[in-house]
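One structure is given here, and the rest of the page talks about it.
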Amino acid sequence: MKAVRKVERGPGLVVEEIPLPEVAKDEVLVQVEAASICGTDLHIWEWDDWSSQNVNPSLTLGHEFAGTVVELGSAVGHVKVGDYVSAESHVTCDVCFQCRSGRRHMCASPSILGVHRDGAFADYIAVPEKVIWQNDRSKLPPEIATLQEPFGNAVLTTLDHNLPAHSIGVLGCGPIGLFAIAIAIASGAASVLAVDLHEYRLDLARKMGASQVFNPGRDATAADIAGWLAKANEGYGVDIVLEMSGAATAVNAAFKGVVQGGRVTLFGLPSRPVTIEDMAGDMIFKNLTVNAVSGRRIFETWYKTRWLLESGIVDLRPIVTHEMRVTEIDDAIELLRSGMAGKIIIRPEGLAGAGP
């Protein structure tokens, strides 16, 4: 089968033919119908500090997917052949303190699909049964079902706050930021102010319900962004800032642009260490509540995610801007790097419609 692979340390990815995955006794084999590209995949393509420390080639990428179970390991007891599924990407150890105390999303040593073990940018993926999530095909087509994993990031990040009647700043309008805008609007936020460097993404932010948008330009300072947030919110800082970009300027703008006693959640993944400009003035003396979020609560967040999508409370279709083939991965990555895409769906090639 064709698969998108990281085969050596350094920038870039390759598409190559590899054997179908072998299924361990506790795993299921899923025929992939749709996968989606994540910012993590972009980090791995670029081979930044984070990816160079966390990824060991050779590896098949892709951790967001939907498909059909076609084979079961000998110890699988709940999932059935023919089930339409997605998966939690964090395969947890289940024995560390965090796992045993009900916080599997904070597992000390997770094995992440497409990061530490082979992922879903291929025709098939072998996945442990314990992370499989069963979908309703009549309510979630593959191009939406594949988004549950990343959408869950935004659900956890956004619903951690008291949103009704509060002003929200979203810094970074990549897919997770766009998801967060939709969730905040659906939850009764008074206003959502969106910031990004790409007009294309700001247009998507408007479609998802952003009240006002701002492109600060690449030379803007954190104070410039914070100043706009205050001006757009009647001269005050916003009640809540969701930092979704990982850019150093945006991180500092989050602390400067939130109101006294406000809340900041950090979700964006920096490509290198970030220096806080004024911890005393921008954080301590402002009495801020600062939270850092990664992943989803397993599986609590998935139930919330499913309800939001199946009920139609949140519609993600405007964010799905492109569908491409596995062999077009370089074009897809360039679209993401240019800022001229929302969520890109990857469709597998080669064995579509056939069994293993």
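Here the relative contact order of region 136-283, from alpha carbon pairs under 8 Å that lie six or more residues apart, stands at 20 percent. Sorting Y124, Y236 from the fewest to the most surrounding beta carbons within 10 angstrom yields Y236, Y124.
Sorted fewest first by neighbouring Cβ atoms within 10 angstrom, M106, M244 come out as M106, M244. For Rg and Dmax of the Cα atoms in Å, the listed values are (i) 20.1, 63; (ii) 21.0, 65; (iii) 22.2, 72; which was obtained by calculation from the structure presented? From the options (i) 20.1, 63; (ii) 21.0, 65; (iii) 22.2, 72, the structure gives (i). Look at the dipole of region 138-211 built from charges on Cβ: of G169, T146, S191, the Cα furthest out on the positive end belongs to S191.
F285 sits among other residues whose Cβ lies under 15 Å from its own Cβ, and their net charge, with Lys and Arg +1 and Asp and Glu -1, is -1. Plugging the Kirkwood radius over Cα pairs into Stokes-Einstein for region 153-292, at a temperature of 10 °C and a viscosity of 1.306 mPa s, what D comes out in µm²/s? D, rounded to a whole number, is 111 µm²/s.
Of K2/K80; K207/K256; K80/K207, which pairs sit farther than 30 Å apart, going by alpha carbon to alpha carbon?
K80/K207, as the Cα separations exceed 30 Å there.
Sparse packing (at most 14 other Cβ atoms within 10 Å of the Cβ) combined with a DSSP loop state is found for the following GluC sites (Glu not before Pro) in region 1-76: E8, E22. Dipole check for region 153-292: with +1 at the C-beta of Lys and Arg, -1 at the C-beta of Asp and Glu, and the Cα centre as origin, the magnitude is about 180 Debye.
Placing +1 on the Cβ of every Lys and Arg and -1 on the Cβ of every Asp and Glu, with nothing else charged, gives region 116-194 a dipole about its Cα centre of roughly 140 debye. Farthest towards the positive end of the charge dipole of region 209-287, among the residues I284, W228, V241, is the Cα of V241, using unit charges on the Cβ of Lys, Arg, Asp and Glu.
Looking at region 1-61, the trypsin sites (Lys or Arg not before Pro) that sit in a DSSP loop and have at most 11 other Cβ atoms within 10 Å of their own Cβ are R9, K25.
Taken about its Cα centre, the chain carries a charge dipole of about 820 debye when Lys and Arg each add +1 at the Cβ and Asp and Glu each add -1 at the Cβ. Taking other Cβ atoms within 10 Å as a rough exposure proxy, D219, D94, D224 sort from fewest to most as D219, D94, D224.
Within the chain, DSSP assigns beta bridges of which about 50% are antiparallel (rounded to the nearest 5).
The residues neighbouring E349, those whose beta-carbon lies less than 13 Å from its own, together hold a net charge of -3 under the Lys/Arg +1, Asp/Glu -1 convention.
Could you please state, rounded to a whole Å, how far the C-alpha centre of region 184-255 is from the C-alpha centre of region 119-141? When both Cα centres are located, 34 Å separates them.
Values in this text are rule-based calculations from the coordinates and carry no lab data. These numbers were taken from a predicted model, which means no experiment stands behind them. FYI the Cβ positions are ideal-geometry reconstructions off the backbone, even for glycines, and counts take in every protein chain you see.
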